[in-house]
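Derivation of every value follows stated rules applied to the coordinates shown; laboratory data play no part. Quick caveat: nothing in here was measured; it's all calculated off a predicted structure. Don't worry about glycine lacking a Cβ; one is built from the backbone with ideal geometry, like all the others, and counts go over all protein chains shown.
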Amino acid sequence: MKKPISKYHKKLRIKQSKVKVIMIRQTVLILDFGSQYTQLIARRVRENKVFSKIIPYNTPAKEIAAMLPKGLILSGGPASVTDKKSPYPDKGIFKLGIPAK
């Protein structure tokens, strides 16, 4: 026999679901190009009560869009931007309408 759910537990479930929605809405994604400061950037974002997630620079734009981020941070790496073999993100991220810094 299952226990009936108390009013307190019902409220708790509602609060937990609201928290998940808020977390999704306030996510900032950090595209890691190999910078030594990526972890520090993520920490500073989190200190401001915003959830951040570090992802590889070559993550497809569709995956990024599915995460519903509020912003993107491109964390540079040691490769030169003028080098032909330097890493590039998916060009589609700039068409998503998400602020990028």
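Quick check on the range 58-66. Is at least one of its residues surrounded by 15 or more Cβ atoms within 10 Å (Cβ to Cβ), free of Cβ contacts under 8 Å to residues at least 40 places away in the same chain, of a type outside the set (D, E, K, R) and assigned to a loop (DSSP other than H, G, I, E, B)? Within the range 58-66, one or more residues are surrounded by 15 or more Cβ atoms within 10 Å (Cβ to Cβ), free of Cβ contacts under 8 Å to residues at least 40 places away in the same chain, of a type outside the set (D, E, K, R) and assigned to a loop (DSSP other than H, G, I, E, B).
Scanning the range 67-101 for residues that are polar (S, T, N, Q) and more than 19 Å from Val28 (Cβ to Cβ), we see that the one that is surrounded by the fewest Cβ atoms within 10 Å (Cβ to Cβ) is Thr82. For the range 26-44, a tally of residues being touching a strand residue (DSSP E or B) at 6+ places or on another chain (Cβ under 7 Å), under 15 Å from Pro99 (Cα atoms) and not in a strand (DSSP E or B) returns 1.
State all residues of the range 71-101 that are part of a loop (DSSP other than H, G, I, E, B), out of contact with any Leu (no Cβ under 9 Å at 6 or more places or on another chain) and farther than 17 Å from Leu40 by Cα; if no residue qualifies, say none. Give the steps one after another, and end with the answer.
Looking only at the range 71-101, we keep the residues that are part of a loop (DSSP other than H, G, I, E, B), and these are 76-90, 96-99, 101.
From the residues that got through so far, the ones that are out of contact with any Leu (no Cβ under 9 Å at 6 or more places or on another chain) too are 76-88, 90, 97.
Residues satisfying the conditions are Ala79, Ser80, Val81, Thr82, Asp83, Lys84, Lys85, Ser86, Pro87, Tyr88, Asp90, Gly97.
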